[in-house]
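The values are calculated or read from the model by the stated rules, or taken from the named source; none is laboratory data. Everything numeric in this text was worked out from a predicted model, so none of it was measured. Don't worry about glycine lacking a Cβ; one is built from the backbone with ideal geometry, like all the others, and counts go over all protein chains shown. Ligands, DNA and RNA are excluded from the accessible area calculation, which covers all protein heavy atoms including side chains. Shrake-Rupley method; radii C 1.70, N 1.55, O 1.52, S 1.80 Å.
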Amino acid sequence: MATRLFGSGIRRREDPRLITGSATYTDDLALPGMVHAAMLRSPHAHATVGAINISRAQAAPGVLAVYTGKDTREGLQPMPCAWLVPDADLKVATYPCIATDTVRYVGDIVAVVVAEDCYQAYDALDLIDVEYDALPSVTNPAEAARAGAPQLHADVDKNQAFHWAVSGGDVDAAFKDAEVVVKERIVQQRLIPNAMEPRAAVAQYNQASGDLTLWNTTQNPHILRFLNSVVTGVPEDRARVIAPEVGGGFGSKIPVYPGEFITVFCAKQLGRPVKWNETRSENYQATTHGRDHVQEVELAAKKDGTITGLRCTVWAGMGAYLSTAAPGIPTILHGLMLPACYGIPAVKEDVYGVYTNTTPVEAYRGAGRPEATFMVERMVDRLAGEIGMDPADVRKKNLIAAFDDGHDTVTGLTYDSGDYPTALEKLLSHADYTALRTEQATARTSGRHIGLGLSTYVEMCGLGPSQVAGAIGFQGGLWESAIVRVHPTGKVHVFIGTSPHGQGEETTFAQIVADEIGVGADDVKVIHGDTDTTPMGWGTYGSRTTAVGGAALAKAARKVRDKAKVIAAHLLEAAVEDMEFVDGKYSVKGSPDKAKSLADVALMANVAWNMPADVEAGLEASTFYDPPNFTFPFGAHLAVVEVDPATGQVDLKRYVAIDDCGPQINPVIVEGQVHGGVVQGIGQALWEHAIYDDSGQLVTGSLLDYALPRAARLPEIEVLSTVTPSPHHPLGVKGIGEAGTIASTVAVYNAVMDALSPLGVEAIDMPFTPERVWRAIQQATKGH
Amino acid sequence: MYPADFAYYRASSVQDAGRLLSEHPGAKLLAGGHSLIPLLKLRLAVPPALIDVGRIADLSGISVASDRLRIGALTPHAEVAASSEVATHAAALADAAGQIGDPAVRNRGTVGGNIAHADPASDLPAVLCALDASIGIVGAGGDRTVSAGEFFLGMMTTALGEDEIVTHVEIHSGQEHGSAYAKFPHPASRFAVIGVAAVVTADGDTCRSAAVALGGLLPAPVRASHVEQAIGGQPLNEASITEAAARAGDDLGDEILGDVFASADYRQAMAPVYVARALTAAAARAR
Amino acid sequence: MKVPIDITINGRSYQRDVEPRQLLVHFIRDLGGLTGTKVGCDTSQCGSCTVLLDGVAVKSCTCLAVQADGASMTTIEGLADQGTLHPLQEAFWEKHGLQCGFCTPGMILASHELLRHNPDPSDADIRHGLEGNLCRCTGYQNIVRAVRHAADALAEK
């Protein structure tokens, strides 16, 4: 019996090049004649731009060119926004690649220098003189929406980029009849994604042929190729975009950026390859941020804990301009999920997207869903506190019962499958929740502040049906394609349109194909990230690579298997109906010794000496897979913390995650995704915060000030799972990239608030810095 | 990031370094570079020249002679942290050196470079003050020794003259006392939000004398004289340590530093907590 | 004015005239072919640029090339022994201690430093020993497992 690779935790096939330093990331490229670009960025949050004197910079050693916005006005069209959420009064403000008249955030580009080397380029930046006339600025979205706030764009009233609303069920009745209402104002602080690889681009342009090659740190090279044609004017068919090794993205490498297009512009002008790579501090200003919501939430319930309604208003900071996919994130990916895993029967949300004098906000791991899960899960704990019920019991009372083929929500989604109560039960029993509560009570008697925090969640991923994409204003499709090509030796090339950047699909996709057609994983090479060689695809984000791209691949592989069966039948002189695919071989039913391997079939298909009638030569198939629905992973998480009341320091003592992403292709990789996702969410709860001061300066402007999670502050994450297949996916799989982050922030938040509940502390803005926690304790104990 | 251009000179001896310093006004000394190079990269420092003293052999190493522990200016933090001599004679210094930055930083960063830079959030200044260390200096005007308390004058300001070089640090051997360092690290930079060094000499369970210095929250480290007086002669138990530590506020003055992570008020409130922690740990080692 | 230097990297001597301001990490990466050493930040925080300088782990972004004149260095490319992966490389592979791989060269060399001082570390020792290296993908857990695994493998040798 051939071992089934699906479900096996085999070692990753990406790793040999990565552990030896032989992988090639964008910044590792060196082309003959390559020169370097550096961007001059606005030091002001908001200012009019006067004269720019570039003459000293132009004369500096090694400098080839200096361009300002005047020079690029013809060659670079404004940056596009590609998620035009409908029925939201969306106002897309003009977003020039290089600012000409006005800068609107610290980091807005005002000029570019190209020099022989990076040091010279940076030297020349210091020699450019720009006259700025500072204007009043605003960075907080709720404040920017108020009357009298500084206005960013002349044609956008009240800085309002959009107003989107969703409702379902009778919310007014729910609140009118509510026996209990809990309210909270929640701040989802601004975060910086911090993919370890900063962004970089290398552009090579042949002035004679008009061909462009652009290497870039992107999560979606095909989208970049298209949008590049819009901005730089290089036609799609003349542009080749390559995402080489990409060092993480977490959403920040979804959007297209001025930096890449300016690099292309410079390469076109100079006829030499141009490299641009951002520094980390530049990344903090120039690469998109995440979250930045101010949320006012109310939950209606009965005294027995039954949740009856949710009502909220959200001010979502968009930054100075709308980034590529930004409008869809606090709306579609957020508001539609508010019924949560409880099927809340009445929901109403108003979301105001607000321009602020800050770095543009985009998708960041979870993208809208962590912010939704946080609201609901926080309010569930508030309800539990209000009615004196254990938070686990409130959840048990409200969770949707297990279903395997659809649950409709009042926001119009149909969850595919789920068994939320089992996930929670498994969590509580594994963690021994009852014992933890006893331990907590004992600790309290000796003055120790231990807290337990739960989070039960469902998320939508595997974006998504293209028809839905069209209906929600996404300016593209959301299908995926794959090509499976079998060579004469039986070795397989797989070409995919998605673009993994650390998730391990070179391994998991090989596992899928190996099982489907009867080869080993090592016989399958997965090729991605090059628009000239791979089929069109919409990219790697929203936990969709396996959920959509994997489905496309499974279907393509099955086409190959069907054709292989036909050829094998011919070679074995059997009827196709009598053939079966068993143990990785194509055999005649009941006669396992009469069998052909894929290599046997592939050789014949490729030489085509003896093919069945009407069967084409070759062994290759492609598919375009458009999913019929999203997928809906779910789970239940528990955090245990202890708070030091003397200092306010929070110690995360234990973390248990149960996630259900359907059948797991490679459980080791799934576990790794959960580890990383959970820790990113923990980072939001405990450490991470992009802070702007009153003048719009990013105070946490480098890794010296912005605290990322470090190994020593984290416990071992306990990872468990349940398996509920998606009924509509060819492999039943759902997606796991974002689940951990979606669940963990609020689990930790709830745990800290649980620890402090005897003191009467009700809310603390994230992150839980020691000072914030200490102050809350001081205020609460003073009040007593 | 990319430093601006500078000239580079490599000093073969302390005297050579002194000569180069006087020949190149505005030049900076380069030892391990772990305070200077970050500033060069951000172009916050744009010196015309660097004088590399990193290869001057007799500036590195740890030795004990009679009752003095001597640490050469070029000794990297990792060596201090791992040294049994330092652990024996000045445990607080080993504690602090082992908490600077991270292992790779400790491999390159040097004691002399650290104290000459005098970052208020650095770990060593407070420890050297509590240990009453003396700092050896060589300059055109000859050799001199300055006590740590007189060396650290303010934010990144020391008693070091333009053409002077730190050569070593000397500490009176402390086998009869116990010392410790308690640190509240910043979660991102790992610099000290507060760092407290305590040195305790005990008669059994009673404190004969104590030296306590606070760093991190002030422009320059200070000795906590009110705390020192309060704990002197008292039993080394939780109650008396807490009571003495509560006097820390009286030692802080009005230049307490604050930032978005930890305000001045908060740091002030945390001072007694960390003083108590340092005293408790030092007392345990003194017994 | 450029300064002549001679640095041995992975057993091969490189003699170059460099600007004194050139950072060691840029020197290495510009040699051609040695780009495994990464630049992940500009404040000496992330550890992606960690190399072994005379056997000791240092952050090559916080070191000038001129300071390494005469030194012998090992970068990630030089860790394997004639094609045989170092036990740390094997362990990172075996325990899924990497995802995007960008922090990995630095993380492996920082782990090398850790095991040099402490061949039998506890999980807590490992977590503290890697405090100068940031990873955004793994949550560190499988890195801890990998280092522990490598320690066991090296102990058996």
- Query: If a residue has to be of a type in the set (Lys, Arg) and crowded, with 22+ Cβ neighbours inside 10 Å to count, how many in the stretch A:508-538 make the cut?
  - Reply: 0
- Message: From the list B:Gly109, B:Gly72, B:Gly18, B:Gly26, exactly one residue is in contact with a Pro (Cβ under 8 Å, 6 or more places away or on another chain) and in contact (Cβ under 8 Å) with a residue 60 or more places away in the chain. Which is it?
- Response: B:Gly109
- Item | Subset tally (residues that are in contact with a Ser or Thr (Cβ under 7 Å, 6 or more places away or on another chain), within 10 Å of chain C (Cβ to nearest Cβ) and either basic (Lys, Arg) or not in a loop (DSSP other than H, G, I, E, B) (or both)) for the stretch A:14-57 | 3
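Does the stretch B:82-100 hold any residues that are touching a residue at least 24 places away in the same chain (Cβ under 8 Å), part of a helix (DSSP H, G or I) and touching a Leu at 6+ places or on another chain (Cβ under 9 Å), and which are they?
Passing the criteria: B:Val86, B:Thr88, B:His89, B:Ala92, B:Leu93, B:Ala96, B:Ala97.
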- Of all the helices (runs of 4 or more DSSP H) wholly in the stretch A:63-160, which have at least 2 residues that are closer than 30 Å to B:Ala45 by Cα, modelled with pLDDT of 95 or more and within 14 Å of chain B (Cβ to nearest Cβ)? A:118-125
- Out of the residues in the stretch A:687-701 that are assigned to a loop (DSSP other than H, G, I, E, B), open to solvent by 10 Å² or more (accessible area, probe 1.4 Å) and not acidic (Asp, Glu), which is farthest from the other protein chains (Cβ to nearest Cβ)? A:Ser695
- Which pairs have Cβ atoms under 7 Å, sit 6 or more apart or on different chains, and link a residue in the stretch A:677-705 that is under 17 Å from A:Gly290 (Cβ atoms) to one that is of a type in the set (Ser, Thr, Tyr) and assigned to a strand (DSSP E or B)? A:Val678/A:Tyr655; A:Leu698/A:Tyr692
- Scanning the stretch C:57-94 residue by residue, those farther than 29 Å from B:Asp5 by Cα and touching a Phe, Trp or Tyr at 6+ places or on another chain (Cβ under 8 Å) turn out to be C:Leu85
- Query: Are any of the residues in the stretch A:253-263 at pLDDT 95 or above, under 21 Å from the mean Cα position of the chain (by Cα) and β-branched (Val, Ile, Thr)?
  - Reply: yes
- Determine which member of the set A:Asp155, A:Asp126 is in the same structural domain as A:Arg280 (by TED's automatic domain parsing) and either over 30 Å from A:Lys302 (Cβ atoms) or crowded, with 17+ Cβ neighbours inside 10 Å (or both). A:Asp126
- Within the stretch A:92-108, can you find the residues that are over 17 Å from A:Val66 (Cβ atoms) and of a type in the set (Ser, Thr, Tyr)? A:Thr94, A:Tyr95, A:Thr102, A:Tyr105
- Are any of the residues in the stretch A:495-515 more than 30 Å from C:Cys103 (Cβ to Cβ) and in contact (Cβ under 8 Å) with a residue 12 or more places away in the chain? yes
- Query: Name the pairs whose Cβ atoms lie under 6 Å apart, with the first residue in the stretch C:39-52 and more than 7 Å from chain A (Cβ to nearest Cβ), the second among the hydroxyl-bearing types (Ser, Thr, Tyr) and part of a loop (DSSP other than H, G, I, E, B), and 6 or more positions between them or separate chains?
  - Reply: C:Cys49/C:Thr37; C:Val51/C:Thr37; C:Val51/C:Thr75
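Give the number of residues within the stretch B:14-41 that are of a type in the set (D, E, K, R) and facing another protein chain (nearest Cβ under 7 Å).
Number of matching residues: 1.
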- Query: Of the numbered conditions (1) over 23 Å from C:Lys59 (Cβ atoms); (2) more than 10 Å from chain C (Cβ to nearest Cβ); (3) surrounded by fewer than 19 Cβ atoms within 10 Å (Cβ to Cβ), B:Ala11 satisfies every one except a single condition; which is it?
  - Reply: (3)
- Query: Which pairs do you get when a residue that is facing chain B (nearest Cβ under 7 Å), found in the stretch C:56-67, comes within reach of a residue that is of a type in the set (S, T, N, Q) and open to solvent by 10 Å² or more (accessible area, probe 1.4 Å), reach meaning Cβ atoms under 8 angstrom, with the pair 6+ apart or on two chains?
  - Reply: C:Val56/B:Asn107; C:Ala57/B:Asn107; C:Val58/B:Asn107; C:Lys59/C:Ser44; C:Thr62/C:Ser44; C:Leu64/C:Gln22; C:Val66/C:Gln22
- Task: Kindly indicate which of A:Ala325, A:Ala301 is hydrophobic (A, V, I, L, M, F, W, C), in contact with a strand residue (DSSP E or B) (Cβ under 8 Å, 6 or more places away or on another chain), closer than 26 Å to A:His153 by Cα and modelled with pLDDT of 95 or more.
- Result: A:Ala325
